[in-house]
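S.K.: Here you go, one structure.
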Amino acid sequence: MKEISKLMSYRESIRVVEATLRDGGLVNDFFFEDDFVKSLYLTNIKSGVDYMEFGYRGDKEMFDPEKFGKWKFCDDDDIRAIVGDNESDLKIAIMADVGRCNYKQDIRPKSESPVDLIRVATYINQIPTAVDMIEHAKNNGYEVSCNIMAISSAQEGDVRAALDILGQTAVDVIYIVDSFGALYPEQLQRVAALYMEYGEKYNKKIGIHAHNNQQLAFANTIEAVGDGVDWLDATYSAIDRGAGNCAMELLLGFLKNPKYKVFPVIKFIDEHMNKLRENGVKWGYDLQYLMTGLLNQHPRTAIEFTKKDRKDYAEFYKEIVALD
């Protein structure tokens, strides 16, 4: 029987990664007020989550700091202004995208930074650079994970090759990422088995980052738990560009470890996330994101549909079918 069926117990090895600023920043260009970020940090401590992802370590030569909020870049001093010396059990994470981060310059030794975990994000065709980023971060004293994006559009042979390469690096965690929200739990089970094969071979943890195009982010995440996946990503109110992620309030309600507490999450949503929606920030399941998920397509067309405030869903479906 799957461990997922043991709903009265918990697995000590599970780690919850909270990604509201990083994923949520994609819907408002990372312009979060400091009060929001500080409240989120304190809420994460109260709720018992294991890691808080502040945002990206973006390349300022590539991305104009005038056009993005500070969490597109996650300068160490900006993080310190929120966490101080971070005298808590909560660990701090940032994401470094292959091709969008000047990592040799901007990822300095851990002794100079409040960051604990560097999350390298890569597509399969970028694996050699991802390996260099992993080794650079690890040599500088960080925990390191690697997110292989758009896994639903990759060939199994390519995935195996990527996992074999990553397994031989110093990476601590390798992530399944359903970027398009296209996977069903039955498919996720097979993907997780593949990742677990290499995780066990190379002694690596496996993580899951699910998207909600078909309202399956939570279902796929708890499927992954039952398949042995230990690292679980979630965001408050499921915020992310497009259809969103696995909702933290759902995930902590499911996990039975007494260190996780759902009430602080609900309180933060009540006081802060609802205000974002009231102020016009848009995210969450809608028909346009369902369509791209069904067709296993990147949600960029659905995001543009949303920005234009279009409502002609049938016409949009005809447009994106023509893209296949």
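S.K.: Under 7 Å between Cβ atoms, at least 6 apart or on separate chains: pull out the pairs that start in the stretch 246-266 with a residue that is over 21 Å from ASP23 (Cα atoms) and end on any residue that is part of a helix (DSSP H, G or I) and open to solvent by less than 70 Å² (accessible area, probe 1.4 Å).
M.R.: Matching pairs, first to second residue: PHE254/ILE222; TYR260/SER47; TYR260/LEU252; LYS261/SER47.
S.K.: For the stretch 273-302, how many residues meet the condition of being among the hydrophobic types (A, V, I, L, M, F, W, C) and open to solvent by less than 30 Å² (accessible area, probe 1.4 Å)? Before you say what the answer is, go through the steps one by one.
M.R.: Applying the first criterion (among the hydrophobic types (A, V, I, L, M, F, W, C)) to the stretch 273-302 yields 273, 276, 281, 283, 287, 290-291, 294-295, 302.
Still in the list and also open to solvent by less than 30 Å² (accessible area, probe 1.4 Å): 273, 276, 281, 283, 291, 302.
Total meeting the criteria: 6.
S.K.: Collect the residues in the stretch 303-324 that are of a type in the set (A, V, I, L, M, F, W, C) and either in a loop (DSSP other than H, G, I, E, B) or open to solvent by 50 Å² or more (accessible area, probe 1.4 Å) (or both), keeping them in residue-number order. Break it down into steps so the answer makes sense when it comes.
M.R.: The initial filter retains those residues of the stretch 303-324 that are of a type in the set (A, V, I, L, M, F, W, C), namely 303, 305, 314, 316, 320-323.
Scanning the stretch 303-324 gives ALA314, VAL321, ALA322, LEU323.
S.K.: Collect the residues in the stretch 124-144 that are assigned to a loop (DSSP other than H, G, I, E, B) and either of a type in the set (Lys, Arg) or open to solvent by less than 40 Å² (accessible area, probe 1.4 Å) (or both), keeping them in residue-number order.
M.R.: Start the filter on the stretch 124-144 by keeping residues that are assigned to a loop (DSSP other than H, G, I, E, B), which leaves 140-142.
Correct list: ASN140, TYR142.
S.K.: Name the residues in the stretch 153-173 that are surrounded by fewer than 21 Cβ atoms within 10 Å (Cβ to Cβ) and either part of a helix (DSSP H, G or I) or in contact with a Pro (Cβ under 6 Å, 6 or more places away or on another chain) (or both), would you?
M.R.: SER153, GLU156, GLY157, ASP158, VAL159, ARG160, ALA161, ASP164, ILE165, GLY167
S.K.: If you don't mind, there's one more thing I want to ask. Across the stretch 256-285, which residue is farthest from ARG11 (Cα to Cα) among those that are assigned to a loop (DSSP other than H, G, I, E, B) and in contact with a Leu (Cβ under 8 Å, 6 or more places away or on another chain)? I'd like the intermediate steps shown before the answer.
M.R.: Within the stretch 256-285, the first condition is being assigned to a loop (DSSP other than H, G, I, E, B), and the residues that meet it are 256-262, 279-285.
After this cut, where a residue has to be in contact with a Leu (Cβ under 8 Å, 6 or more places away or on another chain) as well, the list is 256, 260-262.
Numbers: LYS256: 9, TYR260: 12, LYS261: 16, VAL262: 18 Å.
So, considering only residues that are assigned to a loop (DSSP other than H, G, I, E, B) and in contact with a Leu (Cβ under 8 Å, 6 or more places away or on another chain), the one farthest from ARG11 (Cα to Cα) is VAL262.
S.K.: Can you say whether SER179 is open to solvent by 30 Å² or more (accessible area, probe 1.4 Å), in contact (Cβ under 8 Å) with a residue 60 or more places away in the chain and among the small types (Gly, Ala, Ser), as far as the supplied structure shows?
M.R.: Details: open to solvent by 30 Å² or more (accessible area, probe 1.4 Å): no; in contact (Cβ under 8 Å) with a residue 60 or more places away in the chain: yes; among the small types (Gly, Ala, Ser): yes.
No: the conditions fail for SER179.
S.K.: Sticking with this structure for a sec: Looking at the stretch 184-208, which of its residues are of a type outside the set (Gly, Ala, Ser) and over 21 Å from ALA170 (Cβ atoms)?
M.R.: The answer is TYR184, PRO185, GLU186, GLN187, LEU188, GLN189, ARG190, VAL191, LEU194, ILE208.
S.K.: Can you give me the number of residues within the stretch 122-160 that are in contact (Cβ under 8 Å) with a residue 40 or more places away in the chain and either under 24 Å from ALA217 (Cβ atoms) or of a type in the set (Lys, Arg) (or both)? Give the steps one after another, and end with the answer.
M.R.: Restricting attention to the stretch 122-160, the residues satisfying the condition of being in contact (Cβ under 8 Å) with a residue 40 or more places away in the chain are 137, 143, 145, 147, 150-153.
Going one step further and asking which of them are either under 24 Å from ALA217 (Cβ atoms) or of a type in the set (Lys, Arg) (or both), we end up with 145, 147, 150-153.
Going through the stretch 122-160 one residue at a time, the tally reaches 6.
S.K.: To continue, here is another question. Considering only the stretch 212-237, state which residues are closer than 16 Å to ASN44 by Cβ and not β-branched (Val, Ile, Thr).
M.R.: Correct list: TRP231, LEU232, ASP233, ALA234, TYR236, SER237.
S.K.: Just one of (1) over 23 Å from TYR175 (Cα atoms); (2) outside any loop (DSSP other than H, G, I, E, B); (3) touching a residue at least 60 places away in the same chain (Cβ under 8 Å) trips up GLN288, so point out which.
M.R.: (3)
S.K.: Please return the ranges of helices (runs of 4 or more DSSP H) entirely within the stretch 7-123 where 3 or more residues are under 19 Å from ALA234 (Cβ atoms) and open to solvent by less than 10 Å² (accessible area, probe 1.4 Å).
M.R.: Details: elements: 20-28, 34-47, 76-83, 103-106.
Counting at least 3 such residues, we get 20-28, 34-47.
S.K.: Then there is this: Scan the stretch 1-59 for residues that are of a type in the set (A, V, I, L, M) and at pLDDT below 95 and jot them down.
M.R.: First, the residues of the stretch 1-59 that are of a type in the set (A, V, I, L, M): 1, 4, 7-8, 14, 16-17, 19, 21, 26-27, 37, 40, 42, 45, 49, 52.
Across the stretch 1-59, the qualifying residues are MET1, ILE4, LEU7, MET8, LEU26, VAL27.
The values are calculated or read from the model by the stated rules, or taken from the named source; none is laboratory data. This structure is a prediction, so every number in the text was calculated from the model and none was measured. For neighbour counting, all protein chains shown are included, and Cβ atoms are generated from backbone atoms with ideal geometry for every residue, glycine included. With ligands, DNA and RNA removed, areas are computed over all heavy atoms of the protein, side chains included. Shrake-Rupley method; radii C 1.70, N 1.55, O 1.52, S 1.80 Å.
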